[in-house]
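The values are calculated or read from the model by the stated rules, or taken from the named source; none is laboratory data. Please read these numbers as outputs of a predicted model, since none were measured by experiment. Because the Cβ atoms are built from the backbone with ideal geometry, glycine has one as well, and the counts that use them run over all protein chains shown.
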Amino acid sequence: MSEGGEGFDPPRAPAPTPAGFTHFDAEGRAVMVDVSAKPATERLAVARGRVEMAPATLAAIRAGSLGKGDVLGVARIAGIMAAKRTADLIPLCHPLALTSVKLELVPVAPGSVTIEARVKTTGPTGVEMEALTAVSVAALTVYDMCKAIDRGMRVEGIHLARKEGGKSGLWEAP
(Lines give C-alpha, C1' and ligand atoms only; values in the text may rest on other atoms or scores of the structure.)
Protein backbone atom coordinates (compact mmCIF):
# COMPACT_ATOMS: atom_id res chain seq x y z
CA MET A 1 0.00 0.00 0.00
CA SER A 2 1.29 3.46 -0.78
CA GLU A 3 2.01 6.06 1.89
CA GLY A 4 -1.15 7.99 0.94
CA GLY A 5 -3.30 5.01 1.93
CA GLU A 6 -5.12 4.71 -1.41
CA GLY A 7 -4.40 0.97 -1.63
CA PHE A 8 -2.24 1.28 -4.74
CA ASP A 9 1.29 0.00 -5.03
CA PRO A 10 3.41 1.78 -7.62
CA PRO A 11 4.53 -0.43 -10.52
CA ARG A 12 7.78 -2.26 -9.97
CA ALA A 13 10.41 -3.23 -12.47
CA PRO A 14 9.98 -6.84 -13.60
CA ALA A 15 12.06 -9.32 -11.64
CA PRO A 16 14.73 -11.02 -13.70
CA THR A 17 13.53 -14.44 -14.86
CA PRO A 18 16.35 -16.95 -15.14
CA ALA A 19 16.25 -18.83 -18.42
CA GLY A 20 14.61 -22.21 -18.14
CA PHE A 21 12.34 -21.51 -15.16
CA THR A 22 8.81 -22.34 -16.23
CA HIS A 23 6.84 -21.09 -13.22
CA PHE A 24 7.44 -17.39 -13.93
CA ASP A 25 5.93 -15.15 -16.58
CA ALA A 26 7.80 -12.47 -18.55
CA GLU A 27 7.34 -10.03 -15.64
CA GLY A 28 8.80 -12.49 -13.14
CA ARG A 29 5.47 -13.32 -11.48
CA ALA A 30 4.78 -16.86 -10.31
CA VAL A 31 2.34 -18.72 -12.57
CA MET A 32 0.95 -22.20 -13.00
CA VAL A 33 2.40 -23.64 -16.20
CA ASP A 34 -0.15 -24.02 -19.02
CA VAL A 35 -0.01 -27.67 -20.07
CA SER A 36 -3.13 -27.62 -22.24
CA ALA A 37 -1.18 -28.00 -25.51
CA LYS A 38 0.96 -30.88 -24.25
CA PRO A 39 -0.02 -34.41 -25.26
CA ALA A 40 -1.07 -36.89 -22.61
CA THR A 41 1.62 -39.52 -22.20
CA GLU A 42 2.31 -42.20 -19.61
CA ARG A 43 4.46 -40.70 -16.85
CA LEU A 44 6.44 -42.29 -14.02
CA ALA A 45 8.52 -40.76 -11.26
CA VAL A 46 10.60 -42.55 -8.65
CA ALA A 47 11.80 -40.69 -5.56
CA ARG A 48 13.90 -41.94 -2.68
CA GLY A 49 14.96 -40.87 0.79
CA ARG A 50 15.67 -42.27 4.24
CA VAL A 51 15.23 -41.74 7.94
CA GLU A 52 18.40 -42.23 10.00
CA MET A 53 17.84 -43.31 13.59
CA ALA A 54 19.38 -45.04 16.57
CA PRO A 55 19.66 -48.82 16.23
CA ALA A 56 17.29 -49.20 19.21
CA THR A 57 14.64 -47.19 17.35
CA LEU A 58 14.89 -49.46 14.32
CA ALA A 59 14.64 -52.48 16.63
CA ALA A 60 11.46 -51.03 18.19
CA ILE A 61 9.96 -50.43 14.71
CA ARG A 62 10.73 -54.03 13.71
CA ALA A 63 9.35 -55.41 16.99
CA GLY A 64 6.21 -53.26 16.80
CA SER A 65 6.83 -52.12 20.38
CA LEU A 66 6.24 -48.37 19.99
CA GLY A 67 2.60 -48.47 21.08
CA LYS A 68 1.45 -46.52 18.01
CA GLY A 69 0.98 -49.52 15.75
CA ASP A 70 2.67 -50.49 12.49
CA VAL A 71 5.02 -47.56 11.88
CA LEU A 72 5.96 -48.56 8.33
CA GLY A 73 2.38 -49.39 7.36
CA VAL A 74 1.07 -46.07 8.64
CA ALA A 75 3.93 -44.21 6.90
CA ARG A 76 3.13 -46.03 3.63
CA ILE A 77 -0.52 -44.91 3.78
CA ALA A 78 0.54 -41.36 4.72
CA GLY A 79 2.86 -41.22 1.68
CA ILE A 80 0.13 -42.45 -0.65
CA MET A 81 -2.32 -39.90 0.72
CA ALA A 82 0.29 -37.14 0.39
CA ALA A 83 0.96 -37.98 -3.27
CA LYS A 84 -2.77 -37.63 -3.95
CA ARG A 85 -2.86 -34.22 -2.23
CA THR A 86 0.34 -32.71 -3.66
CA ALA A 87 -1.52 -29.95 -5.52
CA ASP A 88 -3.01 -28.85 -2.18
CA LEU A 89 0.47 -28.57 -0.64
CA ILE A 90 2.68 -27.22 -3.44
CA PRO A 91 1.08 -24.01 -4.76
CA LEU A 92 1.79 -24.29 -8.49
CA CYS A 93 1.35 -28.05 -8.96
CA HIS A 94 -1.45 -29.29 -11.17
CA PRO A 95 -4.04 -31.55 -9.59
CA LEU A 96 -3.45 -34.91 -11.28
CA ALA A 97 -5.39 -38.13 -11.66
CA LEU A 98 -2.78 -40.56 -10.42
CA THR A 99 -3.02 -44.08 -11.79
CA SER A 100 -0.65 -45.69 -9.27
CA VAL A 101 1.22 -44.79 -6.09
CA LYS A 102 3.48 -47.40 -4.52
CA LEU A 103 5.69 -46.87 -1.49
CA GLU A 104 8.29 -49.24 -0.17
CA LEU A 105 9.77 -48.68 3.29
CA VAL A 106 12.67 -50.95 4.15
CA PRO A 107 14.37 -51.19 7.55
CA VAL A 108 18.15 -51.25 7.10
CA ALA A 109 20.50 -52.20 9.94
CA PRO A 110 21.97 -50.72 11.98
CA GLY A 111 19.58 -47.74 12.03
CA SER A 112 17.67 -46.44 9.02
CA VAL A 113 14.52 -46.85 6.98
CA THR A 114 14.85 -46.32 3.25
CA ILE A 115 11.80 -45.08 1.38
CA GLU A 116 11.00 -45.32 -2.32
CA ALA A 117 7.89 -43.94 -4.01
CA ARG A 118 6.80 -44.88 -7.55
CA VAL A 119 4.05 -42.66 -8.93
CA LYS A 120 2.31 -43.00 -12.30
CA THR A 121 -0.22 -41.10 -14.35
CA THR A 122 -1.23 -40.60 -17.95
CA GLY A 123 -1.42 -36.90 -18.64
CA PRO A 124 0.24 -33.74 -19.94
CA THR A 125 2.57 -33.20 -16.98
CA GLY A 126 4.86 -35.31 -14.82
CA VAL A 127 4.54 -36.71 -11.33
CA GLU A 128 7.94 -35.82 -9.88
CA MET A 129 6.46 -33.60 -7.17
CA GLU A 130 3.97 -36.29 -6.19
CA ALA A 131 6.75 -38.87 -5.75
CA LEU A 132 8.91 -36.43 -3.76
CA THR A 133 5.95 -35.44 -1.58
CA ALA A 134 5.12 -39.10 -0.92
CA VAL A 135 8.67 -39.83 0.28
CA SER A 136 8.79 -36.65 2.38
CA VAL A 137 5.52 -37.30 4.18
CA ALA A 138 6.28 -40.99 4.70
CA ALA A 139 9.62 -40.00 6.27
CA LEU A 140 7.98 -37.38 8.47
CA THR A 141 5.40 -39.95 9.58
CA VAL A 142 8.17 -42.33 10.66
CA TYR A 143 9.71 -39.44 12.60
CA ASP A 144 6.38 -38.50 14.19
CA MET A 145 5.61 -42.05 15.28
CA CYS A 146 9.09 -42.60 16.77
CA LYS A 147 10.00 -39.20 18.19
CA ALA A 148 9.05 -40.16 21.74
CA ILE A 149 12.05 -42.50 21.87
CA ASP A 150 14.41 -40.83 19.38
CA ARG A 151 14.27 -37.09 18.78
CA GLY A 152 17.66 -37.25 17.03
CA MET A 153 16.34 -38.97 13.90
CA ARG A 154 17.26 -37.32 10.60
CA VAL A 155 15.32 -37.23 7.34
CA GLU A 156 17.96 -37.36 4.61
CA GLY A 157 18.65 -37.75 0.94
CA ILE A 158 15.22 -37.08 -0.53
CA HIS A 159 15.70 -36.90 -4.28
CA LEU A 160 14.22 -37.72 -7.65
CA ALA A 161 15.82 -40.96 -8.81
CA ARG A 162 14.05 -41.48 -12.14
CA LYS A 163 11.39 -40.00 -14.40
CA GLU A 164 9.89 -41.35 -17.58
CA GLY A 165 7.56 -39.89 -20.18
CA GLY A 166 6.83 -36.55 -21.66
CA LYS A 167 8.93 -34.54 -24.08
CA SER A 168 12.19 -35.09 -22.20
CA GLY A 169 11.73 -38.86 -21.97
CA LEU A 170 13.84 -40.88 -19.55
CA TRP A 171 15.96 -39.20 -16.88
CA GLU A 172 17.88 -41.00 -14.14
CA ALA A 173 19.86 -39.54 -11.28
CA PRO A 174 23.60 -40.15 -11.59
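Residue check: is Val113 in contact with a Lys or Arg (Cβ under 8 Å, 6 or more places away or on another chain) and in a strand (DSSP E or B)? Spell out how you get there, then give the answer.
Numbers: in contact with a Lys or Arg (Cβ under 8 Å, 6 or more places away or on another chain): yes; in a strand (DSSP E or B): yes.
Taking the combined requirement at face value, the residue satisfies it.
Quick one: is Thr57 in contact (Cβ under 8 Å) with a residue 60 or more places away in the chain, under 30 Å from Thr22 (Cβ atoms) and hydroxyl-bearing (Ser, Thr, Tyr)? Walk me through how you get there before you give the answer.
Values: in contact (Cβ under 8 Å) with a residue 60 or more places away in the chain: yes; under 30 Å from Thr22 (Cβ atoms): no; hydroxyl-bearing (Ser, Thr, Tyr): yes.
Judged against the criteria, Thr57 is not a match.
Is it the case that Ala131 is in contact (Cβ under 8 Å) with a residue 12 or more places away in the chain, buried (at least 16 other Cβ atoms within 10 Å of the Cβ), in a strand (DSSP E or B) and among the small types (Gly, Ala, Ser)? Walk me through it before giving the result.
Values: in contact (Cβ under 8 Å) with a residue 12 or more places away in the chain: yes; buried (at least 16 other Cβ atoms within 10 Å of the Cβ): yes; in a strand (DSSP E or B): no; among the small types (Gly, Ala, Ser): yes.
No; evaluated as a whole, the condition is false for this residue.
In the stretch 139-162, is there at least one residue being under 13 Å from the mean Cα position of the chain (by Cα), among the small types (Gly, Ala, Ser), more than 20 Å from Arg76 (Cβ to Cβ) and crowded, with 16+ Cβ neighbours inside 10 Å?
Looking through the stretch 139-162, none of the residues is under 13 Å from the mean Cα position of the chain (by Cα), among the small types (Gly, Ala, Ser), more than 20 Å from Arg76 (Cβ to Cβ) and crowded, with 16+ Cβ neighbours inside 10 Å.
Examine the stretch 91-105 for a residue that is buried (at least 21 other Cβ atoms within 10 Å of the Cβ), part of a helix (DSSP H, G or I) and in contact with a helix residue (DSSP H, G or I) (Cβ under 9 Å, 6 or more places away or on another chain), and state whether such a residue exists. Lay out the reasoning, then the answer.
Filtering the stretch 91-105 down to residues buried (at least 21 other Cβ atoms within 10 Å of the Cβ) leaves 96, 101, 103, 105.
Adding the requirement that they be part of a helix (DSSP H, G or I) leaves none.
No; the residues of the stretch 91-105 include none that is buried (at least 21 other Cβ atoms within 10 Å of the Cβ), part of a helix (DSSP H, G or I) and in contact with a helix residue (DSSP H, G or I) (Cβ under 9 Å, 6 or more places away or on another chain).
Taking the options Ala82, Ala117, Ala75, name whichever one is under 17 Å from the mean Cα position of the chain (by Cα), aliphatic (A, V, I, L, M) and more than 30 Å from Ala37 (Cβ to Cβ). Walk me through how you get there before you give the answer.
On the way: Ala82 fails: more than 30 Å from Ala37 (Cβ to Cβ); Ala117 fails: more than 30 Å from Ala37 (Cβ to Cβ).
Sole residue among the options that is under 17 Å from the mean Cα position of the chain (by Cα), aliphatic (A, V, I, L, M) and more than 30 Å from Ala37 (Cβ to Cβ): Ala75.
Only one of (1) within 14 Å of the chain's Cα centre (by Cα); (2) more than 14 Å from Ala131 (Cβ to Cβ); (3) at pLDDT below 95 fails for Gly64. Which number is that?
(1)
Could you please find all residues in the stretch 61-90 being more than 30 Å from Val31 (Cα to Cα) and either surrounded by 20 or more Cβ atoms within 10 Å (Cβ to Cβ) or basic (Lys, Arg) (or both)?
The first filter runs over the stretch 61-90 and keeps only residues more than 30 Å from Val31 (Cα to Cα), leaving 61-77.
Once the filter is applied, which keeps residues that are more than 30 Å from Val31 (Cα to Cα) and either surrounded by 20 or more Cβ atoms within 10 Å (Cβ to Cβ) or basic (Lys, Arg) (or both), the stretch 61-90 yields Ile61, Arg62, Lys68, Val71, Leu72, Ala75, Arg76.
Do we find a residue being surrounded by 13 or more Cβ atoms within 10 Å (Cβ to Cβ), of a type outside the set (A, V, I, L, M), in contact with a strand residue (DSSP E or B) (Cβ under 7 Å, 6 or more places away or on another chain) and on the phi < 0 side of the Ramachandran plot anywhere in the stretch 24-37?
yes
Which count do you get for residues in the stretch 48-81 that are part of a helix (DSSP H, G or I) and closer than 23 Å to Ala148 by Cα?
Residues of the stretch 48-81 part of a helix (DSSP H, G or I): 55-63, 71-81.
Cutting the leftovers down to closer than 23 Å to Ala148 by Cα gives us 55-63, 71-79.
Summing the residues that are part of a helix (DSSP H, G or I) and closer than 23 Å to Ala148 by Cα in the stretch 48-81 gives 18.
How about the stretch 163-174: which of its residues are at pLDDT below 95 and loosely packed, with under 12 Cβ neighbours inside 10 Å?
Lys167, Ser168, Gly169, Pro174
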